[in-house]
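Okay, structure first, notes after.
The values are calculated or read from the model by the stated rules, or taken from the named source; none is laboratory data. Just so it is clear, the model here is predicted, and its values are computed rather than measured. All Cβ positions, even for glycine, are placed from backbone atoms using ideal geometry, and neighbour counts span all protein chains on display.
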Amino acid sequence: MAIKGRVAITGRPGVGKTTLIERVLPLVPATYGGFLTKEVRKCGHRVGFALVDLGTGEECLFARVQSSGGTKFGRYAVDVGAVERVGVPAILRAIETKELVVVDEIAPMELSALGFIAAVEQALASDKALLIATHAHATHPVADRARQELQLVRVRMGNRDALVDTVVALLSGTTLAPPANP
C-alpha cells in the first residue's frame, strides 16, 4: 500500500487528536517523521505540553503553567525557542527524508513561532503525504489552508477510536466512509 493521502484532523482541545495520530502511525506502512505534541501531567492535571520529534525521539517541554518566562497563551507560558529547536527541524527533516510528514498540531501556541509557520507552509507545498492536526478554532491562514486543502476529519470524544481505520484508508488513498457521528 503506497502512502499518498493528505489528511487534516481537527477537533477541540483534549478530544484526542494526538491519541488518534498515535494509533494511526503503527498501521501506516511508510516512513514518517515530524512531531507530536504530548500533554505533560502531574497528579492527574495537565501542567504543560512537550514536543516529541518522531525521527529522533528528542523531547522538550515547550509550554507550562505557572511559568514567568515565555509568551502567554491562557494559563500557559510558551517557549517559542523550543518550537524552533525541535518542531521546525522535525518537519523539515520529514519533508526531505520521509514518506509521511506528521504535524501535531497547528494551534495558537505553535503558531507563535514564525519558523513553524514557514515549515508547515513548506510541508503543504510539498508532494508528501501529510497527517496534520489542527486546533478546531485556530484562525490562522496556515490552519485554514490545511483544513481546506487536505481531506478533513473531525474528531470528537465519541468517534476518536472509530476514526483510526478511516484515517489509515485516507492516507493510503483508498476510500472508507467516515463512521457516523454518535
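Restrict the check to the stretch 76-89 and report whether at least one residue is under 25 Å from Gln122 (Cβ atoms) and of a type in the set (Asp, Glu). Walk me through it before giving the result.
The initial filter retains those residues of the stretch 76-89 that are under 25 Å from Gln122 (Cβ atoms), namely 78-89.
Now drop any that are not of a type in the set (Asp, Glu), which leaves 79, 84.
Yes, some residue in the stretch 76-89 is under 25 Å from Gln122 (Cβ atoms) and of a type in the set (Asp, Glu).
Please determine whether any residue of the stretch 92-106 is among the basic types (Lys, Arg) and either in contact with a Cys (Cβ under 8 Å, 6 or more places away or on another chain) or modelled with pLDDT of 95 or more (or both). Please lay out each step first, then the result.
Going through the stretch 92-106, the residues among the basic types (Lys, Arg) turn out to be 93, 98.
Those still in the list that are either in contact with a Cys (Cβ under 8 Å, 6 or more places away or on another chain) or modelled with pLDDT of 95 or more (or both) too: 93, 98.
Yes, the stretch 92-106 contains a residue that is among the basic types (Lys, Arg) and either in contact with a Cys (Cβ under 8 Å, 6 or more places away or on another chain) or modelled with pLDDT of 95 or more (or both).
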Select from the stretch 132-149 the residues that are among the hydrophobic types (A, V, I, L, M, F, W, C), buried (at least 23 other Cβ atoms within 10 Å of the Cβ) and in contact with a helix residue (DSSP H, G or I) (Cβ under 6 Å, 6 or more places away or on another chain) and write down the one among them that is nearest to Ser172 (Cα to Cα).
-> Ile132
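Listed here are the residues, each with its yes/no results for (1) at positive phi; (2) without any contact (Cβ under 8 Å) to a residue 40 or more places away in the chain; (3) crowded, with 19+ Cβ neighbours inside 10 Å; (4) among the aliphatic types (A, V, I, L, M).
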site: Arg23; (1), (2), (3), (4): no, no, no, no
site: His45; (1), (2), (3), (4): no, yes, no, no
site: Val52; (1), (2), (3), (4): no, yes, yes, yes
site: Val65; (1), (2), (3), (4): no, yes, no, yes
site: Ala113; (1), (2), (3), (4): no, yes, yes, yes
site: Phe116; (1), (2), (3), (4): no, yes, yes, no
Considering Val88, Val103, which residue is touching a residue at least 12 places away in the same chain (Cβ under 8 Å), in contact with a Gly (Cβ under 9 Å, 6 or more places away or on another chain) and not in a strand (DSSP E or B)?
-> Val88
